[in-house]
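What follows is a short report on a single structure.
The values are calculated or read from the model by the stated rules, or taken from the named source; none is laboratory data. In this text the structure is predicted, and so the values were computed from the model without any measurement. Positions of Cβ are generated from backbone atoms using ideal geometry, with glycine treated the same way; all protein chains shown enter the neighbour counts. With ligands, DNA and RNA removed, areas are computed over all heavy atoms of the protein, side chains included. Shrake-Rupley method; radii C 1.70, N 1.55, O 1.52, S 1.80 Å.
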Amino acid sequence: MQKFIELLKEALEREDEVRMEDNFREYDEWSSIAYLSIIAFMDDQYDTQVEEADFKKLKTVQDLYNACTNK
Amino acid sequence: MAMAAAVPKRIVKNREYTEVWSQEVANEIVEKTGIEERRFVDENTCSSDLCFAATEKLIADNNINKEEIELLVFISQTPDYRMPATSVILQHRLGLPNNTIAFDIVLGCSAFLYGLSVVFSLMGKSGLKKALLLDGETRSKVYSPRDRRNAFLFGDGGVAALIERDLKFGKSTFSLNSDGSRADLIMIPAGGYRHMSSAETVVEKVIDEFGNMRSDEQGYMRGGDVFNFVIREIPRDIINTLAFTEKAIDDFDYVVFHQANNFINSYIAKKMKLDTTKIPSTIEKFGNTSSVSVPITIVSELKGKLDGKKELLMSAFGVGMTWATGIVPFVDCKISDIIEVENGQAV
């Protein structure tokens, strides 16, 4: 989970804390490129792909983590 | 082989694209996509005009005898008319003989590679000696300036390539692929015959919770799904093509990618551990010109660098979805300076 948080912070280019219950779209750093960066590490590190329609349903950092780890 | 390109004179600087968008948004998008500026045609200029200007330059610079041209293929998804094919109009404008084989290829971002494959095959089979492959797009007329996801990405351009059949060129290899299950990832929903034009289809509507607007006759793109598709399929196709030809990525002098955005290409380069000094880029100055982006990158960045024999690997992907990898030897390819077009004429 720590690794996941690090990857997420890197994708968002965020230095502030990331908590599992946070709504990631509310971060200042959230953007369409951050979204692509997240897709990139999900593919690269977790061999996971999430379709755009399904990604819209993910709200919290916990949701993202679950998508990567429960396949 | 010889190549030339023409772009509209009008430069649209993304940081100054603030009629609809704030300076902050514009700056952020430039930082994230790497697209500083693009070229936009005026209302009197079409893709065919860009290609016509590029072809005239190509002909002049290379002393081409028009009577010897046997084949003209025009690639575009922004043709002059729905009917007739623009290639035939160009046959007449260029003063080519009536026995010139002329047709259009309507495909999108991977079309230049498909086009090369088609022209090479046709020439090889039919004994043709000289062909023109033209590729032009005016994507500035396709996407809504009020749709933030697309407004800053696309630009216009046209290229012309002279293709000659000669043993000195050696063998080319193409991998050409299609996946229609993803047809709705990048689309102009109305204006064809499935959903014909009407008073409603041309009206710009708000299409999401952010206030982005477009009509059904303007393009949309599902960025996330396109990215997923690219990172999964493109490295795999390149690896398969290399295996088929028993070549390694280091064997190539240049690797030319479709210029969709910096992020995608950097990611692929990183994933495949490519030597970035061999990967030219024109996204910064032309944006995404769809099928024109691979050839215009060659014309813009490889002028003077293609003397002798050079091995190029080209990779293009996009609307369809279709994707292609091409391994093509270039021998003494003469590249003309890029020219500018305004009001349909070279300036």
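Excluding residues fewer than 8 places away in the same chain, name every one of the lysines whose C-alpha is closer than 17 Å to that of B:K309.
Once the sequence-local lysines are set aside, what remains near B:K309 is B:K168, B:K171, B:K247, B:K278, B:K334.
When ligands, DNA and RNA are left out and all protein chains stay put, how many square angstrom of accessible area per residue does the range B:140-266 have with a 1.4 Å probe?
48 Å²
Filter the chymotrypsin sites (Phe, Trp or Tyr not before Pro) in the range B:9-98 down to the DSSP loop ones having no more than 11 other Cβ atoms within 10 Å, then list what survives.
Sites meeting the loop and neighbour criteria: B:Y81.
So how far, in whole Å, is the C-alpha centre of the range B:44-71 from the one of the range B:257-307?
About 24 Å separates the Cα centre of the range B:44-71 from the one of the range B:257-307.
Evaluate peptide A:28-35: per residue, the Cβ atoms of other protein chains within 10 Å of its Cβ; return the mean as an integer.
3
Quick one: 3J(HN,Hα) in Hz for the range B:246-256, Karplus 6.51/-1.76/1.60 with θ = phi - 60°, rounded, Gly and Pro as x.
Result, ordered by residue: 6, 10, 10, 4, 6, 6, 9, 7, 9, 10, 10 Hz.
Report, by chain and number, residues whose modeled amide H sits under 5 Å from the one on B:G157, excluding near sequence neighbours (fewer than 5 apart, same chain).
Result for B:G157 returns B:E137, B:R139.
Averaging over all projection directions, find the projected area of the Cα convex hull of chain B and quote it in nm² with one decimal place.
Details: hull surface 68.6 nm².
Computed as one quarter of the Cα hull surface, the answer is 17.1 nm².
What number, in nm² with one decimal, is the all-direction average of the projected area of the convex hull of the alpha-carbon atoms of the range B:295-334?
On the way: hull surface 11.8 nm².
One quarter of the hull surface, i.e. the mean projection, equals 2.9 nm².
Would you grab the residues whose amide H sits under 5 Å from the one on B:V256? Only those 5+ places off in sequence or on another chain, please, with H modelled 1.01 Å from N.
Long-range HN contacts for B:V256: B:L313, B:M314, B:S315.
What do you get for chymotrypsin sites (Phe, Trp or Tyr not before Pro) in the range B:132-201 restricted to DSSP loop and a cutoff of at most 15 other Cβ within 10 Å of the site's Cβ?
B:Y193
Can you give me the % of accessible surface on chain B that is carbon or sulfur? Probe 1.4 Å, all protein chains present, nothing else counted.
Accessible surface attributable to carbon and sulfur in chain B totals 50 percent.
At a probe radius of 1.4 Å, figure out the A/B buried accessible area, summed over both chains, and give it in Å² to the nearest 100.
The contact between B and A buries close to 1300 Å².
Using the Karplus curve 6.51 cos²θ - 1.76 cosθ + 1.60 with θ = phi - 60°, what ³J(HN,Hα) values do you get for each residue of the range B:70-77, in whole Hz, with x for Gly and Pro?
Whole-Hz 3J(HN,Hα) from phi for the range B:70-77: 10, 8, 10, 10, 10, 9, 5, 10.
Three principal axis extents, largest first, for the C-alpha atoms of the range B:181-227, in Å?
33, 27, 10
Taking amide H positions as placed 1.01 Å from N in the peptide plane, with prolines and chain starts having none, which residues 5 or more places from B:I101, or on another chain, fall under 5 Å of its amide H?
B:L71, B:L72
Determine the distance separating the Cα centre of chain A from the Cα centre of the range B:86-161; give it in Å without decimals.
Value for the Cα centre distance between the two parts: 40 Å.
Let a ≥ b ≥ c be the square roots of the eigenvalues of the Cα gyration tensor of the range B:39-82; is it rounded (a/c under 1.5), or, if not, prolate (a/b larger than b/c) or oblate?
Taking the square roots of the gyration eigenvalues as a ≥ b ≥ c, the range B:39-82 is oblate.
For chain A, what is the mean residue ellipticity at 222 nm derived from helices alone (per DSSP H run of n ≥ 4: -39500 (n - 2.57); sum divided by total residues; nearest 500 deg cm²/dmol)?
-16000 deg cm²/dmol
Can you give the mean number of other chain Cβ atoms that lie within 10 Å of the Cβ atoms in peptide B:224-231?
Taking all residues of B:224-231 together, the mean is 6.
Within a 10 angstrom radius of each residue's Cβ in B:212-223, how many Cβ atoms of other chains show up on average? Whole number is fine.
Details: counts 0, 0, 0, 0, 0, 0, 0, 0, 0, 0, 3, 6.
Mean number of neighbouring Cβ atoms from other chains: 1.
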